[in-house]
Amino acid sequence: MVREGLRRVWGMTYLASRWIVRQPIWLVQSVAVTIGFFALLYVWGGRAGVSNFVVGAVIAGMWGIGINLVGQDIGWYRLMKLYDMFVATELTPVHFILGVFLSSMVFEASTLAAYLPIAIAFGAVRQLITALAVGVAELTLAIFLGLVVAMRVSAATNVSSVTNTLTNILQVLPPVFYPAYLLPTPLRYAVMGLPTAAAAELVRQLSGLGASVPTIVPIASLCVWVVGAFLAANRVVKWGMA
Amino acid sequence: MRGHAIEAEGLGKRYPNGVWGARNVSLRARYGEVTVLLGPNGAGKTTTVGMLTTLLKPTKGKARVAGYDVLRDYVKIRKHIALCPQDISIDANWTPLEAVVGYLMLRGFSRGDAVKEAKYWLEVLDLWSVRRRLARALSGGQRKRVAVAMVLASNAPVLFLDEPSAGLDVEGRYKVWRALRDFVRGGRCVVMTTHDMREAQLIADQVVMIHKGVTAAAGSPEELMRVIPYRFKVIVKGSADGLMAERVVRLGDRVVAYARSRDEALNIASSVVAGSVAIDEVDLEDVYLEVVGSGEVGGHGA
């Protein structure tokens, strides 16, 4: 039973990862952007800049993988009718999502390979470990939201335009690569309503990079987002019997 | 596997926009047979397949697939079926071998078994020589055959294919038909849709004619041919003046007159005053027109 379940997940991962295997240049782009951001933050912020870069890179990366890659992949499967083909099998939604997610982790692994030595060299290992831990919650809610977008956008070709916008805006606009305490006080609370800002704030507080708001605020925000995204995904994701 | 793989009674599906995709479809499909759902575009074939493959929840009626109720036991049904959807497009970055192996693994096959099955079915469908070529470099027909190979390789007891031969050339169609006939010989059931009457006549053990979401007729091609009392048709290109026939269908500037025997067909042909004449045996298309009452029908040609 367990072995068959693992095979199903692996089968999905295998199919979903073919495009990355065929076009590894995407990984080069991903690593290059990571190194570019590191250089930018180091030049302007020194060691503090690198610590904030590690926080931002992990949180933004998890967000991007969850909402963009998973959402887009599922959107494409719908468009190509492979989704229907997969539904009419023993595959469950959990196997399917896990398979697509694991295939996307190749990106996270490649960027991690780039910023792990950076974190070690600049003494930001604590930030890295904390970010990876908080990033799990971030990733979970991002996958749920990616599913919601992939299932709700009726024209599957338009999924990318929605997920790309959501990804980019929430990665670079709110305090993800920079700390929230640089913002005016009322705005600090307002931005905690954004999942990426809340996750980054939590990582900074837990890893000793300072606090902008009471710890309960980002925790509450993330909890509301995870539960809300789960409920929304549970409502819209149809695995057949539509 | 004996008896009926599918038993459906009065199946209907109403979409959220209020449109009925199927209104009253009843059918039975046996193991060891190819059952063809035949009908024009928009007849309700794809909706019917959707309900039987658990993609769509029926609004009315009842159905059992592989012995399980589609409403109650749809998860169990999925272990016994495979679906090749209409207009399926395999990923451009997959090779035929990867597509089949990946699909089988996500169905729980070990990699070794998956490769073995993939080899067999890719050979049957004449794709083994291109097994490592990316789908983007394959022809449209080859890509379609890869999708067919994926579901055939699953060895599912009940296989659904929605217009599997659409977009295939003659050679490709025959390869798919041959593969499907081989598949049912092992006691499995194939349900496929088409609007190609000739395809239905060639490959089906049983034909279910669907018209405007309703089962219009069902039976073997031979049984259905007995629905109409005619055996021959006289196709007249030109004027139908003077044409003496019991049943006549006008198709613009052409006229089709039906005859019960060859002699009667020859008589009709000789009654044609002007234009060219051809005599042919009736086929499922004629049965379909009779069953759905389509075409401008009259008698005596006047």
Counting only residues 5 or more apart in sequence or on a different chain, those whose built amide H sits under 5 Å from that of B:Arg247 are B:Tyr258, B:His300
Would you please put B:236-249, B:52-65 in order of how densely packed they are, using the mean number of other Cβ atoms within 10 angstrom per residue and starting with the highest?
B:52-65, B:236-249
Starting from the Cα of A:Ala121, step 7 Å along the direction of its Cβ; do the same at B:Asp69; then give the gap between the two resulting points in nm.
6.6
Would you kindly derive the ³J(HN,Hα) couplings of region A:54-64 from the backbone phi angles with the Karplus curve 6.51 cos²θ - 1.76 cosθ + 1.60 (θ = phi - 60°), listing them in order in whole Hz, with x for Gly and Pro?
4, 4, x, 4, 5, 5, 5, x, 4, 4, x
Summed residue charge, Cβ within 12 Å of A:Gln127's Cβ, Lys/Arg positive, Asp/Glu negative
+3
What residue among B:Asp126, B:Asp263, B:Asp196 shows peak mean-square fluctuation when chain B is described by a Gaussian network model with Cα springs under 10 Å?
B:Asp263
Could you state how much accessible area is buried at the A-B interface, both sides summed, with a 1.4 Å probe, in Å² to the nearest 100?
3000
Estimated vicinal HN-Hα couplings, Hz - region B:213-227 in sequence order (Karplus 6.51, -1.76, 1.60; Gly, Pro = x):
x, 10, 5, 8, 6, 8, x, 6, x, 5, 5, 5, 5, 7, 5
Taking the Cβ of B:Arg181 as the center, what net charge do the other residues with Cβ under 14 Å away carry, scoring Lys and Arg +1 and Asp and Glu -1?
+1
If you plug each phi of region A:22-30 into the Karplus form 6.51 cos²θ - 1.76 cosθ + 1.60 with θ = phi - 60°, what whole-Hz ³J(HN,Hα) values come out, in order, with x for Gly and Pro?
6, 10, x, 4, 4, 5, 4, 4, 4
Can you compute the charge dipole magnitude of chain B about its Cα centre, using +1 on each Lys and Arg Cβ and -1 on each Asp and Glu Cβ, nothing else charged? Give it in debye, rounded to the nearest 20.
1360
Quote the accessible area belonging to A:Tyr189 in square angstrom, nearest 10, computed with a 1.4 Å probe and with ligands, DNA and RNA left uncounted.
110
B:Leu37 long-range amide H proximity, modeled H, under 5 Å:
B:Met192, B:Thr193, B:Thr194, B:Val208
Output the residues of region A:7-56 meeting this criterion: accessible area (heavy atoms, 1.4 Å probe) in the chain alone minus accessible area with all protein chains in place is 20 Å² or greater.
A:Arg7, A:Arg8, A:Trp10, A:Gly11, A:Tyr14, A:Leu15, A:Arg18, A:Trp19, A:Arg22, A:Gln23
antiparallel share of DSSP beta bridges within the protein assembly as shown, to nearest 5, in %, is 65
Within a Gaussian network of chain B (alpha carbon springs, distance under 10 Å), most fluctuating of B:Val25, B:Val190, B:Val291:
B:Val291
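Restricting to chain B, what percent of DSSP beta bridges are antiparallel, rounded to 5?
Bridges in chain B are about 65 percent antiparallel.
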Average the reciprocal distances over every distinct pair of alpha-carbons in the protein assembly as shown, invert the result, and give the Kirkwood radius in Å.
26.6
Inside 10 Å of the C-beta atoms of B:5-12, what's the mean count of C-beta atoms belonging to other chains?
0
Calculate the dipole size of the protein assembly as shown relative to its Cα centre from +1 charges on Lys and Arg beta carbons and -1 charges on Asp and Glu beta carbons; express the result in debye to the nearest 20.
1220
Summed residue charge, Cβ within 9 Å of B:Arg198's Cβ, Lys/Arg positive, Asp/Glu negative
-4
Using a Gaussian network model on chain B with a 10 Å cutoff between Cα atoms, which of B:Pro16, B:Pro164, B:Pro229 fluctuates the most?
B:Pro16
Cα pair distances exceeding 28 angstrom across region A:110-242, given as percent:
25
Expected integer from the mean partner chain Cβ neighbour count at 10 Å over B:48-59 is 3
Please state, rounded to one decimal and in Å, the Kirkwood hydrodynamic radius that region A:1-144 gives when every pair of distinct Cα atoms enters the mean of 1/r.
16.3
Please name which of B:Leu106, B:Tyr174, B:Gly39 has its Cα lying farthest along the dipole of chain B towards the positive end, using unit charges on Cβ (Lys, Arg +1; Asp, Glu -1) and the Cα centre as origin.
B:Leu106
Mind jotting down the distance between the C-alpha centroids of region B:2-56 and region B:144-222, whole Å?
14
10 Å Cβ neighbours from other chains, averaged over peptide B:148-161:
1
Can you give me the solvent accessible area of B:Asp283 with a 1.4 Å probe, rounded to the nearest 10 Å²?
40
B:Ser276/B:Asp126 FRET efficiency (R0 45 Å; Cβ-Cβ; nearest 0.05)
0.70
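The values are calculated or read from the model by the stated rules, or taken from the named source; none is laboratory data. Just so it is clear, the model here is predicted, and its values are computed rather than measured. Neighbour counts run over all protein chains shown; Cβ positions are idealised from the backbone, glycine included. When the accessible area is computed, the model is the full protein with side chains, heavy atoms only, and any ligands, DNA or RNA have been set aside. Shrake-Rupley method; radii C 1.70, N 1.55, O 1.52, S 1.80 Å.
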